[in-house]
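Here is the structure we will look at, set down as structure tokens.
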Amino acid sequence: MRRLQLTEAEQGEMDTLVGRFLDAGHDWDPLVAAEAATAAAPGLPLRLREFLAGARTAESDITVVSGIPLDPALVPTPTGWEAAAKSAAGRREEAALLLCGSVMGDAFGWESQQEGRIVHDICPAPGMESSLTSASSEKTLSLHTEDVFHPCRADYVALLCLRNPDGVGTTVASVEDVDLPAEVRGTLAEPRFRFFPDDSHSGPVPGREGGPAAYPEERVLFGPEHAPYLRFDVDFMAGADVAAAEAVRVTDALLRSSAGRVVLHPGDLVFIDNYKVVHGRDPFTPRYDGEDRWLKRVNLLRDVRRLYAQGRVRSRLVPA
Ligand SMILES: [Fe+2]
């Protein structure tokens with residue numbers, strides 16, 4: 001894990017940049033802002049840019065920047081993303097997230113998730129307490145690769161903490177830290193697994209109507225044999241045969257036993273390498289009093305042209 005704490009002077013620089021960035025856009029459009037952020041990012045503090053560029057080059061598994069300035073007049077935590085989407089809640093924070101994120105990668109969104117928003121709000125929603133989505137609270141979110149089913153899933157999941165009064169932990173486990181038995185490792189490296197869209201995706205998702213068998217058989221471990229990447233989500237994958245199913249069970253247990261915890265405080269921004277690290281969240285009791293845990297999230301690709309090459313139109317919004 002790599003960490004950086006911004007100094008007061010750097011926070012001042014960021015505040016000025018975010019103010020200028022917001023003033024330049026007449027209507028807040030995250031799709032436009034995502035592109036504009038890349039152009040404006042050289043205005044970020046030099047030490048921050050060097051830190052993020054270094055983390056990207058080194059493929060740091062978890063990268064944390066502390067001290068991102070937050071709006072002192074931050075509105076109460078919305079009750080779910082739909083409520084957040086209707087307001088201008090957290091614009092300064094969204095801008096800060098897109099600016100820093102653009103040093104690591106290109107922001108994109110899913111047509112099927114949070115109605116195509118680029119910057120997501122993660123906050124507990126009434127009625128969703130036990131769901132398998134980021135709107136849940138009382139249920140543990142098990143360790144997962146973000147959007148495990150999709151070939152263009154994020155390289156990084158970036159989370160900026162606005163509130164976390166109870167210190168709820170984000171759980172993380174890196175493929176580098178888990179000691180997989182050779183036989184299991186061999187099975188995971190073969191195309192014997194199917195991955196499905198998770199419950200945060202709504203509407204028509206290709207393959208869903210056809211059921212599990214409609215998805216191709218793919219690998220859990222891929223890339224360099226000595227330092228493989230990982231895709232894993234025990235709730236939204238299945239082994240195609242008995243040995244593959246057992247490999248999923250063993251891997252899940254080993255990941256859980258090796259998992260650590262990052263507790264995000266307001267102003268903490270974490271980049272989770274979605275090719276190396278699975279993440280989850282500890283359960284908590286929601287308050288619904290405006291003080292609940294609230295994160296802004298963005299998915300980042302190291303090159304957004306991976307999306308353009310797969311689709312029929314040049315868009316940062318991907319159909320699932
Ligand atoms: Fe997630």
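The values are calculated or read from the model by the stated rules, or taken from the named source; none is laboratory data. Everything quoted here is computed from the prediction, not taken from an experiment. Using ideal geometry, Cβ is built from the backbone for each residue, glycine included, and neighbour counts are taken over all protein chains shown. These accessible areas exclude ligands, DNA and RNA; they are computed on the full protein's heavy atoms, side chains included. Shrake-Rupley method; radii C 1.70, N 1.55, O 1.52, S 1.80 Å.
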Please list the non-local residues whose amide H lies under 5 Å from the amide H of G109, H modeled 1.01 Å from N, same-chain partners needing a gap of 5 or more.
L317, V318
Between S315 and E190, what is the label-to-label distance in nm when each label sits 7 Å out along the Cα-to-Cβ direction?
4.0 nm
Reach of K86 by Cα under 23 Å, taken over lysines that are not fewer than 8 positions away in the same chain:
K296
Phi-based couplings in Hz for segment 76-81 (Karplus 6.51, -1.76, 1.60; Gly and Pro marked x):
x, 4, x, 8, x, 5
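Taking all protein chains as present, what is the carbon and sulfur share of the accessible area of segment 56-178, in % to the nearest whole number, probe 1.4 Å? Don't skip to the answer; put the middle values down first.
On the way: 1810 of 3730 Å².
Answer for segment 56-178 is 49 percent, counting heavy atoms of protein chains only.
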With every protein chain left in place, what is the accessible area per residue of the chain in square angstrom, probe 1.4 Å?
43 Å²
Net charge near V157: determine it from the other residues with C-beta under 11 Å of the C-beta of V157, scoring Lys and Arg +1 and Asp and Glu -1.
-2
Inter-centroid distance (Cα atoms) of segment 263-279 relative to segment 74-103, Å:
17 Å
F222 label point, 7 Å along Cα→Cβ, cut-off 14 Å on backbone N: hits in segment 116-153?
145-153
Points 7 angstrom from Cα along the Cβ direction at E183 and L74: gap in nanometres?
5.0 nm
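Suppose we flag chymotrypsin sites (Phe, Trp or Tyr not before Pro) only when DSSP calls them loop and at most 16 other Cβ atoms lie within 10 Å. Which is the longest uninterrupted stretch of the chain?
On the way: sites that count: W28, Y288.
My reading of the result: 29-287 is the longest stretch.
For A243 and A214 in the same chain, what is the full-extension length gain: residue separation times 0.36 nm, less their Cα-Cα distance, in nm? Present the calculation step by step, with values, prior to reporting the outcome.
Details: separation 29, 0.36 × 29 = 10.44 nm, distance 2.05 nm.
Working it through step by step, the gained length comes to 8.4 nm.
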Distance in nm between label sites at E129 and R306, each 7 Å beyond Cα in the beta-carbon direction?
3.8 nm
For K139, what accessible area in Å² do you get when you roll a 1.4 Å probe over the heavy atoms of the protein chains, rounding to the nearest 10?
80 Å²
